[in-house]
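Okay, so here's the structure we're looking at.
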Amino acid sequence: MNTPAPTSIDDKRQLRDAFSAFITGVTVVTARNEDGVPLGFTANSFTSVSLSPPMLLVCPSRHLSSFSTFNQCRHFAVNILAENQRDIANRFATADIDRFAGIAWRDCPHNGSPLIDHAAAVFSCVTHRRVIAGDHLILIGAVNDYSCSGAAALGYANGGYFSLDLERRADALAHQARTLTVGIIIEHAGKVLLCPTENDKLTLPQVQVADHSGSLETLQQFLQDAGLAVDIGTVYAVVENKNNGAHSIYYRGNISTTAQQQLGNFYPIAELAQRAEESLTVMLQRYYQEHTGGNFGLYIGDQDAGNIHRVATANRTPLGN
């Protein structure tokens, strides 16, 4: 087992990165200020506390522009966003805009807290207790009403959004193939790992999946055997080879150091499409473009054409917690 090197507890960026390794959903916490103006912020620090009585908590940052409202409010609401509400998550994490403009929402009939339409679930709460903890407030709410739409929730981990439902469907599609290969785009400091092949070409780290094995489990074992401690992220592409019906599924990942690895060498992202074998050219060109634009998607198709589902983001969203 590979143990990551310890880092300074004072390095706030690395500490935030470590916290973000925990997979969460994405919520928008809302309330009204003393003048009745609706306010809200994006947060992934949401926890169910109790079923009887029903209670939950969220953790607003003391640096929020709306902190005084959440530090005094008698009521608030938590909206768990659906997988197609990434734009709402970004909107409520953006400063100096009317965050409620252009989105569908309604007042809670019990207390007037804003509820976002089409969310995966919404909870209307009465403030139960507040506890200041470091640079955050622990805001505990007693749930007095809730609803659940059944929509798949938007996920968040390692600085990016993902759709677990979409990834499951992509993985299931790939496993229908007669032959399945799993690979990964491993990034470090603006470079990606490429490995030499027997015909002197360069390819991504990849391995064939055995019958009845999962793609992610196979990839994890492959990387562990290679001595690589990779932080595996979201699925990036599911590609069918039209010539033989074989499928390949590629993940994105990051690694904290390039030392002591023997699979290959790291190359600048801008050079990948020119250096790698021809079958990877289109995908790596897209990776460069999406990396530059800061918005990754999930590609499902063949080597020539397919659909890109925009879910993940390369930029670390400034969540309000």
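Residues of the stretch 234-269 being farther than 23 Å from Asp302 by Cα and in contact with a Phe, Trp or Tyr (Cβ under 8 Å, 6 or more places away or on another chain), which ones?
Once the filter is applied, which keeps residues that are farther than 23 Å from Asp302 by Cα and in contact with a Phe, Trp or Tyr (Cβ under 8 Å, 6 or more places away or on another chain), the stretch 234-269 yields only Thr258.
Anything in the stretch 44-74 that is assigned to a strand (DSSP E or B), of a type in the set (Gly, Ala, Ser) and touching a residue at least 24 places away in the same chain (Cβ under 8 Å)? List them, or say none.
Result: Ser61, single match.
Among the candidates Gly150, Gly112, which residue alone is over 15 Å from Ala43 (Cα atoms), in contact (Cβ under 8 Å) with a residue 40 or more places away in the chain and not in a strand (DSSP E or B)?
Gly112
Given the options Val239, Val192, name the one that is part of a strand (DSSP E or B), modelled with pLDDT of 85 or more, under 26 Å from the mean Cα position of the chain (by Cα) and aliphatic (A, V, I, L, M).
Val192
Which condition number does Ala101 fail, the rest of (1) open to solvent by 50 Å² or more (accessible area, probe 1.4 Å); (2) part of a loop (DSSP other than H, G, I, E, B); (3) at pLDDT 90 or above; (4) of a type in the set (A, V, I, L, M) being met?
Ala101 satisfies all of (1) open to solvent by 50 Å² or more (accessible area, probe 1.4 Å); (2) part of a loop (DSSP other than H, G, I, E, B); (3) at pLDDT 90 or above; (4) of a type in the set (A, V, I, L, M) except (1).
Each row is one residue, and each column tells you yes or no for (1) under 26 Å from the mean Cα position of the chain (by Cα); (2) more than 27 Å from Lys12 (Cβ to Cβ); (3) modelled with pLDDT of 95 or more.
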site	(1), (2), (3)
Pro54	no, yes, yes
Leu64	yes, no, no
Glu83	yes, yes, no
Arg86	yes, no, no
Ala89	yes, no, no
Asp96	yes, no, no
Cys125	no, yes, yes
His128	no, yes, yes
Ile140	yes, no, yes
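List every residue pair whose Cβ atoms lie under 7 Å apart, where the two residues are 6 or more positions apart in sequence or sit on different chains, the first residue falls within the stretch 75-91 and is open to solvent by 10 Å² or more (accessible area, probe 1.4 Å), and the second residue, located anywhere, is in a helix (DSSP H, G or I) and of a type outside the set (Phe, Trp, Tyr).
Correct list of pairs: Glu83/Asp165; Glu83/Leu166.
Taking the stretch 246-260 only, how many residues are modelled with pLDDT of 70 or more and either exposed (fewer than 15 other Cβ atoms within 10 Å of the Cβ) or of a type in the set (S, T, N, Q) (or both)?
Start the filter on the stretch 246-260 by keeping residues that are modelled with pLDDT of 70 or more, which leaves 246-258.
Then keep just the ones that are either exposed (fewer than 15 other Cβ atoms within 10 Å of the Cβ) or of a type in the set (S, T, N, Q) (or both); that gives 248, 254, 256-258.
Count: 5.
Checking Thr281 against (1) touching a residue at least 12 places away in the same chain (Cβ under 8 Å); (2) under 20 Å from Thr197 (Cβ atoms); (3) surrounded by 15 or more Cβ atoms within 10 Å (Cβ to Cβ), only one condition comes out false. Which one?
(1)
Counting only residues that are farther than 21 Å from Leu154 by Cβ and of a type outside the set (Phe, Trp, Tyr), how many does the stretch 40-84 have?
So the count comes out to 18.
The values are calculated or read from the model by the stated rules, or taken from the named source; none is laboratory data. Quick caveat: nothing in here was measured; it's all calculated off a predicted structure. Note that we place each Cβ from the backbone using ideal geometry, even for glycine, and neighbour counts take in every protein chain shown. We work out accessible area using only protein heavy atoms, side chains counted, and drop any ligands, DNA or RNA first. Shrake-Rupley method; radii C 1.70, N 1.55, O 1.52, S 1.80 Å.
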